[in-house]
Amino acid sequence: MNQDDLLRRVRPPSWKNPVPQSVYDLAVLGGGPAGFAAAESAARQGHSVALIERYRLGGNSLHAGSIPSKAIIGTARLFAAMGHGGEYGASSSSKPPTDFAAVMARVRRIRTRIAEYHSIERCRARGIDVFLGDARFVGHNALLAGESPLFFRKAIVATGARPRSSNIPGLEQVGYLTSETIFDLGGLPARLGVIGGGPLGCESAQAFCRLGSRVSILQNDPKFLPHEERDAAELLSMSLSRDGVETRLNTTVAGAHVEKGEKIIEAINDGLKYSIAVDEILLSIGRVPNVEDLDLRAAGIDCEPDQGIKVDDFLRTTNGDVYAAGDVCMALKFTNAAESSARLAVQNALRGKAERQSRLTIPWCTYCSPEIAHIGMSVKEARERAISVKSYTVMMQDVDRAITDGQDDGFVKIYVREGSDSIIGATIVAARASEMINEMSVIMSAGIGMRQLANIVHAYPAQSDAIRLAAVAYVDGAPGIHAD
Amino acid sequence: MPRPLRRGTRRRVRHRLPPLNPPVSAAGETLLALPDDALLDRLQRAAFGYLAEYSNPETGLVADTSRGGSPCSIAVVGFALSCYPVAVARGWVSRSAAAAQTLKILRFFSESAQNDGPDATGYKGFYYHFLDMQSGRRVWQCELSVVDTSLLIAGILTAGCYFDGDGNEAEIRGLSDALYRRVDWQWAQNERQTVAQGWKPECGFLHYGWEGYNEATIVFVLGLGSPTHPLSAASFAGWTSTYQWENLLGQDVLYSGPLFTHLFSHAWLDYRDIRDVFMREKDSDYFDNTRSAIAIHREYGARNPRGYEGYDRNLWGITAGDGPGNRELRQSSRDRRYFGYMSRGAPYGPDDGTIAPWAMLATLPFGADIALRGTRHLLRTYPQICSNDRFCSGFNPSLAEHGNAWLSEGWYGLDQGLLVMMIENYRSGLIWEITRDSTWIQAGLKGAGFEGGWLSRCR
């Protein structure tokens, strides 16, 4: 599979936009996860749908986000495991040199393969009219898709977000990578400086370090992943540093310049200035919504440059016929949040429902080793709402399967409303926390409490048994209650 | 409190270094032969000996460690000030000598440079974490430390409460009061809800976060009790809103990993039966919480998930302290990583097999049987951790070189000071008795929302 196969699926060079229908039930702006989910959902329900994409179907998730990053993390994990082969009795423990071209070829192969599920053909087969080109509102219920005028009863804006740029002096001149460009690297940088300690920064720092780059990560905050709880962030710090990433917390980047062919990052920590020489800089300081070229004002849609399109709890914009979904309007900029919000917006826009985005329970995960996943309320949020909460913690080092797998870093914490067995959230740090958090998602959606959970039989041994063990701890501590 | 471990600064105070791996099995055996009270007396007196030996004769500043070139740590001075009443009560030092030594220290802090220059002793009533042993000025470009100043101020208030006589003792009371009143806690809030951890003339306030429980309760109690520049009433609630009540290894606990965080505030404050809002909600108190933390450390020692040498239900004590240095080794087909000075914790880690030998004994007031059983087991198994009857800061039996387990060189002042106070709190409750009488501490506890027990009997 090559680049042609990818383009054939997501932006065929010979593509011709269809002749627009007189009016569409739904116009969807953006062909990423949110736009694709919205278009599919509406088409499945028998509505006429126009989907407008300015670049390639699949969005950031397929081309520069979840898929390529997880592909490269897959390779990086293998490299890390090979480095520890001796612990498992594997004869060779030395890490082979990295064939970076092969690593990136694998990334592209995977991207192309998965693109089939987001292909233009698939849209057409479902009756969706796909328009490739820029979308721009020209009225309350009208827009231009490329050159084609297009009328709609309802619309959903799902144009996503892009990496935030920075005003660090000199950085533009020095040149830097973002999550959108790092997967186009032709060779493994010997030294990589990562600015920003959020999920993408941490994932990239660890992956490139494992592949053989010498990585420094600079984070303005006192901890990585500021939205995660202290114990999770500290475990990640330890893990990054164990892999050899130079972690620099509480560090401000004051500037960048080139000196003798090297990129120099100027940093300040507690008033002490120092510089770090690198070959490439990855800027990863968040994402900003794509709203600039949409002429939102023409449709009466309000937006904030930083937060994106203003929506109410039903995802409706200030134009009652236009909704928004995904990164362009949500604080949680994740693929699953984009898809679930898009389906909700379709229900509200076309089916007259009044579903609230605040009722969505959206798990998320940072794919470092160990992975850090969260769902529902944090303890801090619960306390802010005056909800008395108790965490039931099981350390992965006490879980049989985690021990046998040699993956015993981390923990499962289930947050329970005190005086009840009701689960309000969970944080999981584990090798495959992304898989385990999905069990929590089912548990919470089904309204299963700790007492019932303690008696649900799990496969043994399995790392997800940690979830049941947390419930057993609840039952053990609750007077007069016993797990059968 | 993780601190940098650096060398090379000028040092003239006298010091005695123990041999690296001293042949102390005989001494260990002698110690073990003693009945509990005699054993405690000997270890307590030796610990106090550090504070006297490693102090500057003119200023009374106490060295952070016994190593050559060590600067003064202001927190250690706070511990030392609190230990002189113990020494008087135990008959190791005359009351007048103790008062003279205390006065020397208080005069130094009263008269030393307080300004925003880079080499002052302090600013806004706070002090730099590390001071030159001779000049008493800031070293290492270290931070103006809110936590360490609090430990120093706790010692200053302890001295002010204890010395209730005339002459020198009256001057001690006056200086103690003035030094406390001078601390500008409001300034340290930096117009936020909670307190900054530190400040530097080079960059202003440090923005390290305060998330979750740690040793800082005493910061808020002292800050809220101030009659001059108190912390805002909401500051403590701001911090405790980040607390997490947790069921962990069979215990309900307000978790914090390093053992010292469950001991430092407790060395001064009698938390028995007094509760703030959080603890009332959880039907616990900070004293019982330390007991739960100890139970977790013991359980972790028994489970020993990383398979470290020596760990046991009776050999535990993972906390902040010296360590073997950063290195990665493959030992018996296991990849292991060791660290230098750092804040270690259980069960979340970091844990590299380094145990603080003093830690079990420092938990004495929370369960004497457990603390003594562990300490005796430790002395029996690894007698080298105790030289001149003093415990070293850390040792690591998993890291043996030339047949000798790694052992931290010399002694650390914080460990010795904490031991003197905790042993005394167990033996007589003297420190708690003194601080219970402090009107400022009473006011601070009440300001933080503490109620019940002995506090309800204070007007």
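Here are some notes:
- The set of residues in the stretch B:131-145 that are within 14 Å of chain A (Cβ to nearest Cβ) and crowded, with 22+ Cβ neighbours inside 10 Å comprises B:ARG138, B:GLU143, B:LEU144, B:SER145.
- Meeting the requirement of 3 or more residues that are surrounded by fewer than 17 Cβ atoms within 10 Å (Cβ to Cβ), the strands (runs of 3 or more DSSP E) wholly within the stretch A:110-205 are A:148-157.
- The lone criterion from (1) part of a loop (DSSP other than H, G, I, E, B); (2) out of contact with any helix residue (DSSP H, G or I) (no Cβ under 6 Å at 6 or more places or on another chain); (3) not acidic (Asp, Glu) left unmet by A:THR98 is number (2).
- Any hit, the stretch A:351-372, residues being within 12 Å of another protein chain (Cβ to nearest Cβ), closer than 30 Å to A:ALA158 by Cα, crowded, with 22+ Cβ neighbours inside 10 Å and polar (S, T, N, Q): no
- Selection of the stretch A:442-480 for residues being more than 14 Å from chain B (Cβ to nearest Cβ) and at pLDDT below 95 yields only A:GLY480.
- Residue that is surrounded by the most Cβ atoms within 10 Å (Cβ to Cβ), among those in the stretch B:40-61 that are within 19 Å of B:LEU378 (Cα to Cα) and out of contact with any helix residue (DSSP H, G or I) (no Cβ under 6 Å at 6 or more places or on another chain): B:LEU43
- None of B:GLY340, B:GLY345, B:GLY349 is crowded, with 21+ Cβ neighbours inside 10 Å, under 21 Å from the mean Cα position of the chain (by Cα), of a type outside the set (Phe, Trp, Tyr) and within 14 Å of chain A (Cβ to nearest Cβ) except B:GLY345.
- A Cβ distance below 8 Å, combined with a sequence gap of six or more or placement on separate chains, defines the contacts here; from the stretch B:340-365, residues that are free of Cβ contacts under 8 Å to residues at least 24 places away in the same chain reach residues that are crowded, with 24+ Cβ neighbours inside 10 Å in the pairs B:PRO350/B:ARG344.
- Checked against (1) in contact (Cβ under 8 Å) with a residue 24 or more places away in the chain; (2) assigned to a strand (DSSP E or B); (3) away from chain B (no Cβ under 14 Å), A:SER275 passes all but a single condition, namely (1).
- Checking B:GLY257 against (1) assigned to a loop (DSSP other than H, G, I, E, B); (2) farther than 30 Å from A:ASP476 by Cβ, the condition it does not meet: (2)
- Take the conditions (1) of a type in the set (Val, Ile, Thr); (2) over 10 Å from A:LEU132 (Cα atoms); (3) in contact with a Leu (Cβ under 9 Å, 6 or more places away or on another chain); A:ILE52 misses just one of them, which is (2).
- The residues in the stretch B:189-238 that are away from every other protein chain (no Cβ under 12 Å) and either out of contact with any Asp or Glu (no Cβ under 7 Å at 6 or more places or on another chain) or of a type in the set (Asp, Glu) (or both) can be counted, and the count is 28.
- Taking the stretch A:227-262 as the range and being surrounded by fewer than 17 Cβ atoms within 10 Å (Cβ to Cβ), in a loop (DSSP other than H, G, I, E, B) and touching a helix residue (DSSP H, G or I) at 6+ places or on another chain (Cβ under 8 Å) as the test, only A:GLY244 passes.
- Extreme residue, surrounded by the most Cβ atoms within 10 Å (Cβ to Cβ), among residues of the stretch B:255-282 that are within 11 Å of chain A (Cβ to nearest Cβ) and in contact with a strand residue (DSSP E or B) (Cβ under 7 Å, 6 or more places away or on another chain): B:TYR255
- Check on B:GLY250, under 21 Å from B:MET342 (Cα atoms) and either surrounded by fewer than 24 Cβ atoms within 10 Å (Cβ to Cβ) or away from chain A (no Cβ under 14 Å) (or both): no
- Here is the figure for the stretch A:263-286: residues that are buried (at least 21 other Cβ atoms within 10 Å of the Cβ) and either β-branched (Val, Ile, Thr) or farther than 25 Å from A:ALA190 by Cα (or both) total 3.
- When the stretch A:385-415 is limited to residues that are in contact with a Pro (Cβ under 6 Å, 6 or more places away or on another chain) and either more than 9 Å from chain B (Cβ to nearest Cβ) or not in a strand (DSSP E or B) (or both), the one that is nearest to B:ARG303 (Cα to Cα) turns out to be A:GLN397.
- Total residues in the stretch A:419-464 satisfying the condition of being touching a residue at least 60 places away in the same chain (Cβ under 8 Å), among the small types (Gly, Ala, Ser), more than 21 Å from A:SER66 (Cα to Cα) and not in a loop (DSSP other than H, G, I, E, B): the figure is 1.
- Count - residues of the stretch A:268-285 that are at pLDDT 95 or above and more than 28 Å from the chain's Cα centre (by Cα): 3
- If you go through the stretch A:236-254 and keep only what is more than 11 Å from chain B (Cβ to nearest Cβ) and charged (D, E, K, R), you end up with A:GLU246, A:ARG248.
- Residue within the stretch B:353-363 that is in contact with a strand residue (DSSP E or B) (Cβ under 8 Å, 6 or more places away or on another chain), over 24 Å from B:ILE423 (Cβ atoms) and crowded, with 18+ Cβ neighbours inside 10 Å present: yes
- When B:GLY310, B:GLY349 are checked against the criterion of being out of contact with any Gly (no Cβ under 6 Å at 6 or more places or on another chain) and under 16 Å from B:PHE260 (Cβ atoms), a single residue qualifies: B:GLY349.
- Hey, B:ASP415 among the charged types (D, E, K, R) and assigned to a loop (DSSP other than H, G, I, E, B) or not: no
- In the stretch A:416-426, of all residues being more than 11 Å from chain B (Cβ to nearest Cβ) and crowded, with 20+ Cβ neighbours inside 10 Å, the one that is farthest from A:HIS227 (Cα to Cα) corresponds to A:ILE423.
- Check on A:GLU280, out of contact with any helix residue (DSSP H, G or I) (no Cβ under 9 Å at 6 or more places or on another chain) and either more than 14 Å from chain B (Cβ to nearest Cβ) or closer than 29 Å to A:ARG359 by Cα (or both): no
- Residue within the stretch A:394-407 that is under 21 Å from A:HIS227 (Cβ atoms), buried (at least 19 other Cβ atoms within 10 Å of the Cβ), modelled with pLDDT of 95 or more and not small (Gly, Ala, Ser) present: no
- Any chance A:GLY86 is outside any loop (DSSP other than H, G, I, E, B), small (Gly, Ala, Ser) and within 14 Å of another protein chain (Cβ to nearest Cβ): yes
The values are calculated or read from the model by the stated rules, or taken from the named source; none is laboratory data. Keep in mind that what you see is a predicted model, and the values were worked out from it rather than measured. Counting neighbours? That spans all protein chains shown, and the Cβs are built from the backbone with ideal geometry, glycine included.
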